[in-house]
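Enquirer: First the structure, which I've put down as structure tokens, then a few questions once you've had a look.
The values are calculated or read from the model by the stated rules, or taken from the named source; none is laboratory data. Note that the structure is a prediction, hence the values are computed from the model and not measured. Cβ atoms come from the backbone with ideal geometry, glycine included; neighbour counts cover every protein chain shown.
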């Protein structure tokens, strides 16, 4: 190991106490983005990060106002020639802490118990933001940073980042980079460092089926009218075949097949049948024939019913034949599916299958593509090697079933892939009471980023 | 026509002005049964009827208190030997009048416009109650009543008669009769007098399907869990076949087939395809293959979805994989189906078809059998002849798709069939603003009851 690398790691080790104090200071700020009455705390958290950046000697530090909560930017430019530029993404806002009575210590009164630091935002993701800045500090206080680092820390992630895309579009030059680092995904266990190289896309729809002009008496009219709720159920039932496959015509046409190498890589993940049974409490698993649970969630597209409504849903009995029925349906997409094409596929399915005895209306609500990073790209390799240096073994490569919109924004607007990782654990109670950060993992996270920055230097 | 019959009819004709004044007086009372603040008006309406009975010389007149609104009883016993006893059913309560702004005149300020009297309760069913009492008056003021007449007029029909069955059970001797007359059904057009000889029964269920122990993120888990809403839709979709028949095993086993004579009788009804299209505004009709719309609604059993609920039903998108899904399902039954057997049939269907990847819970909420009267019984013949005397042609025989619980109570507790009729019309706006009674039809109704009472005398 090079001398500068060793010095940086030693610096990080020597300053753990202060890092921890700053961690506690940062998570004491109740920067809840949903609640307008926490606006001052949001401002305080943004300023806290900007001050931290100033203290580290970052340049171009600015708290950008938006229509909502501010975006904090800062950068540390290297003098090394031909250097890479990394854009680190993070957010300083947190989820609301309710229900408060379930917290063992106050959500904004950080308390260390055993190896964990308990506080709202500890893992999601103030701890991750600090790890990336602490790693920078360790490198620049002991040697020379061989890459350009830019930090974009937003304040609206927990409310869907309504102003972020606009900000990225308006500041493309400022944010220009070669690769993005997004430490908001996390790892599967303390001994299983994880790189999330793919995220599913989303196409979300609302479908309304209309029958009679108004609710009817189910006795006086039942028998001559196709019940819109029944028609809707029949349409939904037809959207999967007996093998758990989605029947929309052309749905799988663009789906990138999994090769043997990637399947072998995914098979290393511990997300097997027993994992999902325990996590969900379902009586049994279900899914597309021919794929493992890990593949079913991460690497295959799905269609879900998110909501259903029709007629009378109160206590007891009301003999209504409903005038209409509604379903919220979403498809999770994998490369290279296109949400707008899925809209057309669903439209075509309905055209073919909807009976003439009803009318229907289909609306697309959300559409985002899946994202996937080249597992052999420079950024991914740099992180893979960094993790191997810290843990002594290769990280797991995960495909995440959910969607992280900022990854798409970076891809679409800035043209860069994101390397997604993080040092939160499945039992860290993200979005729940008693959120915590596992500190030994956090320290390894700081070390990982030190290696990552240095690896990207060459 | 016998002299006494002619005199009675003439008496009715001569007293129309007074009958109408009393009609207006009765419908001026806002006897809305749902609203506790109308309790005094309910009491006033009950007393109004009791006073009317006293005035006509009925005996045993009593306003019986119940847990809810009172039941009014009175009887007029004949001295004729071997005479029949008819129990006339009615209700003095009315639906709420809202929305008030849609009424052309006040709901409790009766106004005659053209041939119609507008007021809440005019057709449903204060007018019908008065017709039966006016007919009695005409007969007894001009001659001798050849039957025993008993009147049971309740005050809770519009809220589901919660205390009526208990009252009937406790007063079986008082209510003992040979046939019941229920003038709460109505006729299809002013020139189409109608006898409703059959009503469908009802078996109402709630089915809940459970999957994961809590709502899940549809991205993180979509693909390995059978979505409970999807599972429910598939179960519902399987409940009908391509011919519109219900697939529950054994569902049709006890269904009494229609013979050619009854089908010919039903074919006389004007409830054809264009009738149902106009009434419902549906794009097209639907139903069990091989039956006319009239038969589908009146003489065949059906299964309807009355309500559906699962997951997220608000505005926009929430990517939830719901923990559960619920449906309200009801079956309309015909003779000789048994609601408890239908519960077993539905249970068996679920046992066979529900996948092991979900759990479910089925609850029966309501169960009542269909009712059917012998179209050749003395009571039905007496009414048929009465209508033919008044209109000059045979009445239509209708099977009604809805259920009238009191008909079952009379059958089960008193052991008597009901002859169901009435002089309201489809456009009389029952339960809606601008309810009205068509007065020429109402006068014919009084005449019909005069004939009916006299016909039953022999």
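Enquirer: For the range A:18-63, which positions are farther than 24 Å from residue A:135 by Cβ and touching a helix residue (DSSP H, G or I) at 6+ places or on another chain (Cβ under 7 Å)?
Expert: Listed by number, the residues that qualify are A:30, A:32, A:33, A:34.
Enquirer: Answer yes or no as to whether residue A:125 is modelled with pLDDT of 95 or more and in a strand (DSSP E or B).
Expert: Considered against the rule, which asks whether it is modelled with pLDDT of 95 or more and in a strand (DSSP E or B), residue A:125 comes out as no.
Enquirer: Another question, if that's okay. Within the range B:209-225, can you find the residues that are more than 7 Å from chain A (Cβ to nearest Cβ), surrounded by fewer than 22 Cβ atoms within 10 Å (Cβ to Cβ) and touching a helix residue (DSSP H, G or I) at 6+ places or on another chain (Cβ under 8 Å)?
Expert: Of everything in the range B:209-225, just one residue is more than 7 Å from chain A (Cβ to nearest Cβ), surrounded by fewer than 22 Cβ atoms within 10 Å (Cβ to Cβ) and touching a helix residue (DSSP H, G or I) at 6+ places or on another chain (Cβ under 8 Å), namely B:210.
Enquirer: Continuing with the same structure: Of the conditions (1) away from chain A (no Cβ under 14 Å); (2) surrounded by fewer than 18 Cβ atoms within 10 Å (Cβ to Cβ); (3) over 22 Å from the mean Cα position of the chain (by Cα), residue B:340 satisfies every one except a single condition; which number is it?
Expert: Of (1) away from chain A (no Cβ under 14 Å); (2) surrounded by fewer than 18 Cβ atoms within 10 Å (Cβ to Cβ); (3) over 22 Å from the mean Cα position of the chain (by Cα), only one is false for residue B:340: (3).
Enquirer: Considering only residues that are free of Cβ contacts under 8 Å to residues at least 40 places away in the same chain and farther than 26 Å from residue B:378 by Cα, which ones fall in the range B:148-179?
Expert: B:170
Enquirer: Pick from the range A:322-337 the residues that are surrounded by fewer than 24 Cβ atoms within 10 Å (Cβ to Cβ) and closer than 14 Å to residue A:253 by Cβ: which of them is farthest from the other protein chains (Cβ to nearest Cβ)?
Expert: This residue is A:336.
Enquirer: So which residues in the range A:303-316 are buried (at least 22 other Cβ atoms within 10 Å of the Cβ) and at the interface with chain B (Cβ under 7 Å from one of its Cβ atoms), if there are any at all?
Expert: The answer is A:304, A:305, A:306, A:307, A:308, A:309, A:310, A:311.
Enquirer: Quick one: how many residues across the range B:429-458 are part of a loop (DSSP other than H, G, I, E, B) and surrounded by 23 or more Cβ atoms within 10 Å (Cβ to Cβ)?
Expert: Qualifying residue count, the range B:429-458: 1.
Enquirer: Could you please let me know if residue B:319 is buried (at least 19 other Cβ atoms within 10 Å of the Cβ), within 11 Å of chain A (Cβ to nearest Cβ), under 25 Å from residue B:195 (Cβ atoms) and touching a strand residue (DSSP E or B) at 6+ places or on another chain (Cβ under 9 Å)?
Expert: Taking the combined requirement at face value, the residue does not satisfy it.
Enquirer: Does residue A:350 qualify as being modelled with pLDDT of 95 or more, within 22 Å of residue B:234 (Cα to Cα) and not in a strand (DSSP E or B)?
Expert: The answer is yes for residue A:350.
Enquirer: Name the single residue that is surrounded by the fewest Cβ atoms within 10 Å (Cβ to Cβ) among those in the range A:149-180 being within 13 Å of the chain's Cα centre (by Cα) and not in a loop (DSSP other than H, G, I, E, B).
Expert: Only one residue tops the list, namely A:159.
Enquirer: Okay, next question. Please tell me if residue B:280 is within 22 Å of the chain's Cα centre (by Cα) and touching a residue at least 40 places away in the same chain (Cβ under 8 Å).
Expert: no
Enquirer: Among the numbered criteria (1) under 21 Å from the mean Cα position of the chain (by Cα); (2) modelled with pLDDT under 95, which single criterion is violated by residue A:221?
Expert: For residue A:221, the exception is condition (1).
Enquirer: For the range B:289-302, check the following and say yes or no: at least one residue is over 18 Å from the mean Cα position of the chain (by Cα) and at the interface with another protein chain (Cβ under 7 Å from one of its Cβ atoms).
Expert: yes
Enquirer: Could you please find all residues in the range A:191-225 being in contact with a strand residue (DSSP E or B) (Cβ under 6 Å, 6 or more places away or on another chain), assigned to a loop (DSSP other than H, G, I, E, B) and more than 21 Å from residue B:284 (Cβ to Cβ)?
Expert: A:200
Enquirer: Which condition number does residue A:199 fail, the rest of (1) touching a residue at least 40 places away in the same chain (Cβ under 8 Å); (2) in contact with a helix residue (DSSP H, G or I) (Cβ under 7 Å, 6 or more places away or on another chain); (3) buried (at least 23 other Cβ atoms within 10 Å of the Cβ); (4) under 22 Å from residue B:241 (Cβ atoms) being met?
Expert: That leaves (4) as the condition not met.
Enquirer: Suppose the filter is at pLDDT 95 or above, closer than 27 Å to residue B:354 by Cα and within 12 Å of chain B (Cβ to nearest Cβ); does residue A:206 pass it?
Expert: yes
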